[in-house]
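Written out below as structure tokens is the structure these notes cover.
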Amino acid sequence: MKKLVFLTLSITLLLFSCSKQPCTPTDTKGIVGKWKLVEGFSVAIDKKEYYVTFDSLGNVYASNYPCAGTYVFDEVPRHHADTTNLTVTFKDCDPSNRLPYSITTNASARLVDNNTMVLSFVDCDEGCGVRYNRVCD
């Protein structure tokens, strides 16, 4: 009887101690990684999930484009609202897939922390922007 109680208690502890841990991205610095659009500022976003992935070679992949684009990112903080430090181009993709919040433009990108990125679109007069959260693959 003692063995049965011990065995039941051991299994219960083992099951609860092995619960899934939260996902932590392996590369949590800079723009490289996968990002999920979570909020729009003066930009209407629909309920579809929109992802953007930046690789370390200067390629960018967005969930609304079937082909890869390119990006240039200057991580040096900018002090003027009218300067851009992120340029994204999908030169070989069909532009009909572009959404109002697509990442095909020049923008001012600010990494709030290692897992939050805010893009402000300089060519928008209404303070348009979007917020992305870093996600794990």
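Numerical summary
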read-out: Selection count where residues are in a loop (DSSP other than H, G, I, E, B) and either within 14 Å of the chain's Cα centre (by Cα) or under 17 Å from T70 (Cα atoms) (or both), scope segment 88-129; value: 13
read-out: Residue pairs meeting the criteria (Cβ under 9 Å; at least 6 apart or on separate chains; first on the phi < 0 side of the Ramachandran plot and among the acidic types (D, E), in segment 77-93; second assigned to a loop (DSSP other than H, G, I, E, B) and modelled with pLDDT under 85); value: D82/V122
read-out: Residue within segment 29-41 that is modelled with pLDDT under 85 and of a type outside the set (D, E, K, R) present; value: yes
read-out: Top-ranked residue of segment 83-137 - restricted to ones that are modelled with pLDDT of 85 or more and among the β-branched types (V, I, T), ranked as surrounded by the most Cβ atoms within 10 Å (Cβ to Cβ); value: V130
read-out: Inter-residue pairs, beta-carbon under 6 Å, first outside any strand (DSSP E or B) and in segment 35-54, second small (G, A, S) and at pLDDT 85 or above, 6+ apart; value: Y50/S63
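The values are calculated or read from the model by the stated rules, or taken from the named source; none is laboratory data. Worth saying up front: this structure is predicted, and the values here are computed from it rather than measured. Positions of Cβ are generated from backbone atoms using ideal geometry, with glycine treated the same way; all protein chains shown enter the neighbour counts.
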